[in-house]
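Below is one structure, written out as structure tokens; comments come after it.
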Amino acid sequence: MYSFQNPHITVAAETDIFIIKDLLNISYRGEASKQGWTTEAELIAGDTRADESMVEKVMRQPGSIFLKYTNEQQQITGCVNLQQHDAKIYLGMFSVSPQSQGKGIGKHILKAAEEYALQKGCTEIYMSVISLRKELISWYERHGYADTGKRIPFEEDGITGTHLKKLEFMILEKPLPV
């Protein structure tokens, strides 16, 4: 099993799928997400960032794991999905509940993601971020991530909301100490 310096962070189980789905949705979509700074409500209409089947599919992929942050009341208030691809870890579905943002939870989750990657022998973490998310990109840059220059179209999928602007992902990456 994996160990993390922060005792609030553990590996999520399939029994957490419903809560993780709800956390992703309130962190990124709809009115509830506007309470936090990670909202995408101004970019994407709708209330769905992920549904249960999406979270379950990602959780069951080989090399995929969800980490969860559980507060003192035993509520999951943050999560991240990590997927190993050779010597790299893809970081996605990173969220902190809007009411808990600004309390350092995201920093703890990001650190745990890096601890996990090092335990797996990986040399790099990478992620995709909507290129218009300047404040979020700056936050990642302050934590050692850099723009690779790669861009990927962000296509609508009929589930996760209607784009209000033309969107693309930029790829950020961070080398890890070997």
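Worth pointing out:
- Gain on full stretching of the segment that runs from residue 74 to residue 111 - 0.36 nm per residue minus C-alpha separation: 11.3 nm
- Computed FRET value (nearest 0.05) for residue 166 with residue 37, which takes r as the C-beta separation and R₀ as 35 Å: 0.95
- Each of residue 19 and residue 52 was given a label point 7 Å from its Cα along the Cα-to-Cβ line. The distance between the two points is 1.6 nm.
- Taking the stretch 14-106 and dividing mean pair separation by its residue count, relative contact order in percent (alpha carbons under 8 Å, at least six apart): 28 percent
- Where 53, 128 fall by accessible area, highest first, once all protein chains stay in place (1.4 Å): 53, 128
- At most 10 other Cβ within 10 Å, DSSP loop - GluC sites (Glu not before Pro), the stretch 1-103: 72
- Listed by chain and number, the aspartates and glutamates placed with their C-alpha closer than 13 angstrom to that of residue 107 are 115, 141; residues fewer than eight positions away on the same chain are left out.
- FRET efficiency, residue 60 to residue 118 (Cβ-Cβ, R0 22 Å, nearest 0.05): 0.35
- Straight-distance candidates among the lysines for linking to residue 103, with alpha-carbon spacing under 16 Å and chain neighbours fewer than 8 residues away dropped: 68, 111.
- Ranked from largest, the principal axis spans of the Cα set of the stretch 80-158 equal 33, 31, 27 Å.
- The phi torsions of the stretch 169-175, fed into the Karplus equation with coefficients 6.51, -1.76 and 1.60 and a -60° offset, translate into couplings of 9, 10, 9, 10, 8, 9, x Hz, rounded to whole numbers, with Gly and Pro shown as x.
- Within the stretch 96-178, GluC sites (Glu not before Pro) in DSSP loop having at most 12 other beta-carbon neighbours inside 10 Å: 155, 156
- Partner lysines whose Cα lies under 17 Å from the Cα of residue 134, excluding those fewer than 8 positions away in the same chain, are identified as 34, 150, 165, 166.
- Residue 88 accessible area, 1.4 Å probe, all protein chains in place, Å² to nearest 10: 70 Å²
- You can think of it this way: the chain between residue 1 and residue 131 has 43.3 nm of extra reach, that is 0.36 nm per residue less the Cα-Cα gap.
- In terms of its C-alpha gyration tensor, the stretch 1-84 comes out oblate, because a/c is 1.5 or above while a/b does not outweigh b/c.
- Here the label points at residue 157 and residue 138, each 7 Å from Cα along the C-beta direction, are separated by 3.0 nm in the simple model.
The values are calculated or read from the model by the stated rules, or taken from the named source; none is laboratory data. Just so we're clear, the structure is a prediction, and the values are computed from it rather than from any experiment. Cβ: placed from backbone, ideal geometry, glycine included. Neighbour counts: every protein chain shown. The accessibility values were calculated without ligands, DNA or RNA, using every heavy atom of the protein model including side chains. Shrake-Rupley method; radii C 1.70, N 1.55, O 1.52, S 1.80 Å.
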